[in-house]
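For reference, the structure is listed below as structure tokens.
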Amino acid sequence: GLYHRSPMRDSIRRRLLLTLLSITAAIWTIAVITGYYDARHEIGELFDAQLAQSARTLLSVAGHELEELEGRTLDTAHIHFHADSPLLADGHEYEHKLAYQLWKQPENTLLLRSFSAPDSPLSELPSGFSTRPINSELWRVLSLRDEASGFQVQVGQALAIREELTDDIARRIGIPIAIALPLLALLIFIGIGRSMRPLQRLAEAVVHRAPNNLEPIDSTNVPSEIRPLVNALNSLFERLGNAFEHDRRFTADAAHELRTPLAAMKTQAQVAKRSKDPAERDSAIGKMLEGVDRATRLVEQLLTLARVDPDTGLARGKPVDLLQLTENAIADHEQRSRTKGITLQLKADKTHNHSVTGHQDSLSILLRNLLDNAIRYTPEGGNVRISLAEENGSTTMCIADSGPGVPEKERERIFDRFIRLAGQETGGSGLGLSIVQRIAELHQA
């Protein structure tokens, strides 16, 4: 069955948008998570420092105050703050999450505590930080002891304060990012659209071109990323233009070459129809048959040239025994060479492998045209020599005849189509060597 790809599925704009947004979202997520844990650590350090400062301040104040209470018993100096204390009236909402205690050691006597502190010690440690549950909440507690006076201060803070602060920081960072991401997606979408306008203009220029417009696309203001595509299209247009011009010229030349034998046959047919002399009639019919032969050969050559001429190269090549192919071609031309008394000679070392990679039918046409050309232009009693040789891993084929040869100044022109040298008495279509040259080019020979 046929599978149709969705335009959006193959959209470069969509791919770029998803890629950029995914990368941006991933980076922002990593940054937020890293920032959250860094902030949590720094906040913890800050609050621990505040606990330490508060503990040292309370220990210093307690020592000073108790010096003034000298002479009074510890019981009369014992102060308690309870939850219903009027001090709470104008207090802060976080006050119940802060607590402190002042103990006298080694008597383990509670001298002072905040309203939010229990009667039992906040921490079992004589000194240092600890984290423990108090009233179903986790608290961070610092114990600080003065060995000289025997006072021990314990200050605590509910970890919920720190969690709320870090969560608030995360929200303040995350919410703007969450708002900015759709806005960024819109800006990226617009930016990609503007960046892809040259590609859209190029597509529109190609779509709206007339079929016969093969002029190159202007690449002056084309971005460097799509310039190779434009250059490739211009190269394609150039090849197509050459191919179309080639076909037009070939069609015109073929029509001209076919018109001559057809006109001659028509003339001979009219002569044969009007003639009352049997000899004259037979002569006209004979000339008409010769014209048919010439026209047949010309049509065959044209069809052969049309088959090997397209600029698409040959199909995938296969090993071809060039020696066997040459022997077959010689056998096909043996009768004709005998009629003219021409000797065909083959010189080849049969112990060597004369295999080449190519297209057997095309190479057969090449050999047939070369031998036909050599026999056609070699005078009676002459000879044609075919040799095969191996040199530096390549096979060389040479066909030489004892004919008049080609003047040096005419050697380039003989490969043009329908070109026949002046003064040649032998008939021909002027296509044989053009076909040979094309097959040789396709085989990179």
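Within the range 114-134, the residues that satisfy the criterion of being part of a strand (DSSP E or B) and surrounded by 12 or more Cβ atoms within 10 Å (Cβ to Cβ) are 129, 130, 132, 134.
Cβ separations smaller than 8 Å between residues 6+ apart or across chains give no pair from the range 40-55 residues that are more than 16 Å from residue 158 (Cβ to Cβ) to residues that are basic (Lys, Arg).
Table: residues versus (1) modelled with pLDDT of 85 or more; (2) surrounded by 14 or more Cβ atoms within 10 Å (Cβ to Cβ); (3) within 44 Å of the chain's Cα centre (by Cα).
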site: 323; (1), (2), (3): yes, yes, no
site: 334; (1), (2), (3): no, no, no
site: 342; (1), (2), (3): yes, yes, no
site: 347; (1), (2), (3): yes, no, no
site: 359; (1), (2), (3): no, yes, yes
site: 382; (1), (2), (3): yes, yes, no
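Of the residues 59, 111, which single one is modelled with pLDDT under 85, farther than 22 Å from residue 164 by Cα and assigned to a helix (DSSP H, G or I)? Walk me through how you get there before you give the answer.
Numbers: 111 fails: assigned to a helix (DSSP H, G or I).
Result: 59 is the single residue among 59, 111 that is modelled with pLDDT under 85, farther than 22 Å from residue 164 by Cα and assigned to a helix (DSSP H, G or I).
Going by what's in this entry, would residue 311 be described as open to solvent by 70 Å² or more (accessible area, probe 1.4 Å), at pLDDT below 85 and under 23 Å from residue 360 (Cα atoms)? Outline the logic, then answer.
Working: open to solvent by 70 Å² or more (accessible area, probe 1.4 Å): yes; at pLDDT below 85: yes; under 23 Å from residue 360 (Cα atoms): yes.
Here the answer is yes, as residue 311 does meet what is asked.
When residue 220 is tested against (1) open to solvent by less than 90 Å² (accessible area, probe 1.4 Å); (2) at pLDDT below 80, just one condition goes unmet, and that condition is (1).
Does the range 338-360 hold any residues that are among the hydroxyl-bearing types (Ser, Thr, Tyr) and not in a loop (DSSP other than H, G, I, E, B), and which are they? Reasoning before the result, please.
First, the residues of the range 338-360 that are among the hydroxyl-bearing types (Ser, Thr, Tyr): 339, 343, 351, 355, 357.
Those that are among the hydroxyl-bearing types (Ser, Thr, Tyr) and not in a loop (DSSP other than H, G, I, E, B): 339, 343, 355, 357.
The lone criterion from (1) under 21 Å from residue 320 (Cα atoms); (2) open to solvent by 70 Å² or more (accessible area, probe 1.4 Å) left unmet by residue 408 is number (1). Restricted to the range 386-404, and to residues there that are surrounded by 11 or more Cβ atoms within 10 Å (Cβ to Cβ) and small (Gly, Ala, Ser), the residue that is farthest from residue 327 (Cα to Cα) is 403.
Between 159, 138, 144, which is touching a helix residue (DSSP H, G or I) at 6+ places or on another chain (Cβ under 6 Å), open to solvent by less than 70 Å² (accessible area, probe 1.4 Å) and among the hydrophobic types (A, V, I, L, M, F, W, C)? So that I can check it myself, show each step before the final result.
Working: 159 fails: touching a helix residue (DSSP H, G or I) at 6+ places or on another chain (Cβ under 6 Å); 138 fails: open to solvent by less than 70 Å² (accessible area, probe 1.4 Å).
Selected residue: 144, the only one of 159, 138, 144 that is touching a helix residue (DSSP H, G or I) at 6+ places or on another chain (Cβ under 6 Å), open to solvent by less than 70 Å² (accessible area, probe 1.4 Å) and among the hydrophobic types (A, V, I, L, M, F, W, C).
Hey, any hits in the range 289-298 for a residue that's modelled with pLDDT of 85 or more and either in a helix (DSSP H, G or I) or open to solvent by 40 Å² or more (accessible area, probe 1.4 Å) (or both)? It would help to see each step written out before you state the result.
Taking the range 289-298 as the starting set, the residues that turn out to be modelled with pLDDT of 85 or more are 289.
This time we only want the ones that are either in a helix (DSSP H, G or I) or open to solvent by 40 Å² or more (accessible area, probe 1.4 Å) (or both), so: 289.
Yes, the conditions are met somewhere in the range 289-298.
In the range 6-25, the qualifying residues are those that are open to solvent by less than 40 Å² (accessible area, probe 1.4 Å) and among the hydroxyl-bearing types (Ser, Thr, Tyr), and the one that is modelled with the lowest pLDDT is 11.
Only a single item in (1) closer than 30 Å to residue 50 by Cβ; (2) free of Cβ contacts under 8 Å to residues at least 40 places away in the same chain; (3) surrounded by 13 or more Cβ atoms within 10 Å (Cβ to Cβ) is not met by residue 175, and it is number (3).
The values are calculated or read from the model by the stated rules, or taken from the named source; none is laboratory data. Small disclaimer: the values here were computed from a predicted structure and weren't measured. Heads up, the Cβs are rebuilt from the backbone with ideal geometry, glycines too, and the neighbour counts pull from every protein chain shown. These area figures cover heavy atoms from the full protein model, side chains too; ligands, DNA and RNA do not enter into them. Shrake-Rupley method; radii C 1.70, N 1.55, O 1.52, S 1.80 Å.
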